[in-house]
Amino acid sequence: MRIAMISEHASPLAVLGGEDAGGQNTHVAELSAALAAAGHEVRVYTRWDAVDLPGTVRCPDGYEVVHVPAGPAQPLAKDALLPHMREFSHWLTDRWRGDQWTPEVVHAHFWMSGLAALAAGRKTGVPVVQTYHALGVVKRRYQGVQDTSPARRIGYERQLGRSVDRVIAQCQDEVGELVRMGVPRSRMTVVPSGVNLRTFAPLGSAAERDDGRPRILTVGRLVERKGFQTVVRAMAHVPEAECVVVGGPPAGLLETDPYAGRLRALARTCGVADRVRLAGAVPREEMGHWYRSADLLVAAPWYEPFGLTPLEAMACGVPVVGTAVGGIRDTVVDGVTGDLVPARDPRALGAAIQRLLDDRIRRFAYAAAALDRARERYAWAATAERLVEVYGDVAAVGRATRVVAG
Ligand code: UDP
């Protein structure tokens, strides 16, 4: 099939770890690669956000990235992109209407991509599949006044859910949220994200551990809701271990990062500064090297729409201690592939980490079960296949509707 991916702010080519570059970038890159490997023609449309970018990039993984001129050719925070979505959709419409490449289906990632995809899709007869990746209602609930999303986000997300041809929910928690928002269950299909089983595997190099302490790894963009403060506080209850935090700006820029500064200050207050290390951003290809160096992955977000890092750790055969939120409740089976604890509870988190560090046999059993689960349920090839079924369905309905209408 000819498949268009729209990912307005999250380019599959971006360097990850920064404030707006994380799971969605990985998801779009891996899904596009898996679809291309299965013989589909994939183009990813993302905003042109630097003057020196070429219009089109052919990726070694077999798909194309097309840079769409919408707004200034410079990085913008994703919360500032809404005013440029009209230009984005006009550009897509012109492209798809011309005699050039027209997709059979468009898969939008994040709500603003959905708006652009829906407008262009309506004008050109291309059906739209929507993955939200994150929901405004959830963000508002947890971040309150600190939520900088455009005011109309929640309304747009509801409207999108009722207008697109299919909504892909990534976990059961998201299904519940969408139903409560008023999106009909009949419009949804649950297809979780996948994990790259070549990049993330138990065998391979591992980052060095210098002082023989057990290693807790935690990974993500350095933003408050990822719960790194809870992890730092929990370290006070885990006296022997070290904690490595991967993510944020590149190591050289960590000194000036305000959130990194707060984490360091907190570590000093908790008396764990000598056991907490910030490693900065790590290229995606090197992430396996870090996971494999750890005894445990800790994922302690306040909320998590899906959460790729627990799954990546599992695929490396690393057990997870996670908070019982969002997608983590689907990927981590409590007491089988890891342990789940309440969010924002350093004492419970510390106790779960310590218990697992003290119990080698349990750790080994979790690791084996985690690896099995990642391989059996979350291979990208299988995820891509399930999505192709959805794409085929919506394209067929679209064709039938056009025949009846015509
Ligand atoms: N990641 C990375 N380098 C870093 C930090 C994170 O490649 O320094 C990747 C990580 O491996 C994962 C993604 O960024 O694939 C984060 O996804 P997740 O779903 O955990 O969080 P999100 O960023 O979507 O909130």
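Each reported figure results from applying straightforward, stated rules to the coordinates on display, with no laboratory input. Quick caveat: nothing in here was measured; it's all calculated off a predicted structure. Every residue, glycine among them, receives a Cβ derived from its backbone with ideal geometry; neighbour counts consider all protein chains shown.
Sum up the charges of everything whose Cβ sits under 10 Å from the Cβ of residue 139, counting Lys and Arg as +1 and Asp and Glu as -1, but leave residue 139 out.
+3
Would you mind working out the magnitude of the charge dipole of the stretch 341-405 relative to its Cα centre, with +1 at each Lys and Arg C-beta and -1 at each Asp and Glu C-beta, to the nearest 20 Debye?
180
What is the antiparallel percent of DSSP beta bridges lying wholly in the stretch 7-115, to the nearest 5?
Here the share of antiparallel DSSP bridges comes out near 40 percent.
Report D for the stretch 105-175 in µm² per second (integer): Stokes-Einstein, Kirkwood Rh on Cα pairs, 37 °C, 0.692 mPa s. Working shown, then result.
Values: Rh = 12.6 Å.
Diffusion coefficient, whole number: 261 µm²/s.
Can you give the FRET efficiency to the nearest 0.05 for residue 172 and residue 265, using r as the Cβ-Cβ distance and R₀ = 45 Å?
0.75
Using only the alpha carbon atoms of the stretch 302-406, find the Kirkwood hydrodynamic radius as the inverse mean reciprocal pair distance, in angstroms to one decimal.
15.7
I'd like the Kirkwood hydrodynamic radius of the stretch 236-275, using the inverse of the mean 1/r over distinct C-alpha pairs, in Å.
About 11.0 Å, per the Kirkwood formula over Cα pairs.
What is the log10 of I(q)/I(0) for the stretch 58-185, computed with the Debye formula using one identical point scatterer on each Cα and no solvent, at q = 0.22 Å⁻¹?
-1.37
Multiply the residue separation of residue 102 and residue 382 by 0.36 nm, subtract the distance between their alpha-carbon atoms, and state the gained length in nm to one decimal.
Using 0.36 nm per residue and subtracting the Cα-Cα distance, I get 98.2 nm.
Using only the Cα atoms of the stretch 357-403, construct the convex hull and provide its projected area averaged over every direction, in square nanometres to one decimal.
Averaged projected area of the stretch 357-403's Cα convex hull equals 4.2 nm².
State the extension gain, in nm to one decimal, for the chain segment bounded by residue 368 and residue 240, taking 0.36 nm per residue of separation less the distance between their alpha-carbons.
43.6 nm
So if we plug the beta-carbon distance of residue 37 and residue 397 into 1/(1 + (r/R0)^6) with R0 = 22 Å, what FRET efficiency do we get, rounded to 0.05?
Plugging the Cβ-Cβ distance into 1/(1 + (r/R0)^6) gives 0.25.
Given R₀ = 56 Å, FRET efficiency for residue 211-residue 124 by Cβ-Cβ distance, to 0.05?
0.40
Any idea what angle helix 111-124 forms with the longest principal axis of the chain, computed on alpha-carbon atoms, 0 to 90 degrees, nearest 10?
In the chain, helix 111-124 runs at an angle near 20 degrees to the longest axis.
Please give the charge dipole size of the chain, origin at the Cα centre, charges +1 on K and R Cβ atoms and -1 on D and E Cβ atoms. Round to the nearest 20 debye.
It works out to roughly 1000 debye.
Enter the per residue convex hull volume of the stretch 157-215, computed from alpha-carbon coordinates, in Å³ rounded to the nearest integer. Spell out each step's value before the answer.
Details: hull volume 9.0 nm³, N = 59.
In the stretch 157-215, the Cα hull volume divided by residue count equals 152 Å³.
On a 0 to 90 degree scale, rounded to 10, what angle separates helix 85-97 from the longest Cα axis of the chain?
Helix 85-97 sits roughly 50 degrees off the main axis of the chain.
Under the √(5λ) rule applied to the eigenvalues of the Cα gyration tensor, what semi-axes describe the equivalent ellipsoid of the stretch 58-104? Give them in Å, descending.
With the √(5λ) rule applied to the stretch 58-104, the semi-axes are 22, 17, 8 Å.
For the chain, modelled as a Gaussian network with Cα springs under 10 Å, which listed residue fluctuates most, 265, 273, 241?
Greatest mean-square fluctuation among the candidates belongs to 265.
Relative contact order for the chain: what percent, with Cα pairs under 8 Å and sequence separation of 6 or more?
Values: 811 pairs, mean separation 63.7, N = 406.
Relative contact order, the chain: 16 percent.
Only Cα pairs within less than 10 Å get springs; with that Gaussian network setup on the chain, which residue of 294, 365, 29 has the largest fluctuation?
For the chain, modelled as a Gaussian network with Cα springs under 10 Å, the answer is 365.
Over the Cα atoms of the stretch 317-364, each weighted equally, I'd like the Debye log10 I(q)/I(0) at q = 0.18 Å⁻¹, rounded to two decimals.
Evaluating at q = 0.18 Å⁻¹ gives log10 I(q)/I(0) of -0.50.
Helix-only estimate, please: 222 nm mean residue ellipticity of the chain, summing -39500 (n - 2.57) across DSSP H runs of length 4 or more and dividing by its residues, to the nearest 500.
Mean residue ellipticity, 222 nm, calculated: -12500 deg cm²/dmol.
What do you get for the angle between helix 153-163 and the principal long axis of the chain? Use alpha-carbon atoms, 0 to 90 degrees, nearest ten.
50
Rg(Cα) of the stretch 1-102 divided by 2.2 N^0.38 Å?
Values: Rg = 13.2 Å, N = 102, 2.2 N^0.38 = 12.8 Å.
Against the empirical 2.2 N^0.38 Å value, I get 1.04 for the stretch 1-102.
When 111, 48 are ordered from fewest to most other Cβ atoms inside 10 Å of their Cβ, what list results?
48, 111
Using only Cα atoms, what is the ratio of the radius of gyration of the chain to 2.2 N^0.38 Å?
0.98
What do you get for Rg/Rh over the stretch 182-230 if you use C-alpha atoms and the Kirkwood form of Rh?
Working: Rg = 18.3 Å, Rh = 15.8 Å.
Expressed as Rg/Rh, it is 1.15.
For the stretch 212-263, what is the Kirkwood hydrodynamic radius in Å, using each pair of distinct C-alpha atoms?
The Cα-based Kirkwood calculation yields 11.7 Å.
Starting from the Cα of residue 163, move 7 Å in the Cα-to-Cβ direction to define the label point; list residues of the stretch 81-113 whose amide nitrogen is under 16 Å from there.
Within reach of a label on residue 163, which here means backbone N under 16 Å from a point 7 Å along Cα→Cβ, the stretch 81-113 contributes 82-93, 106-113.
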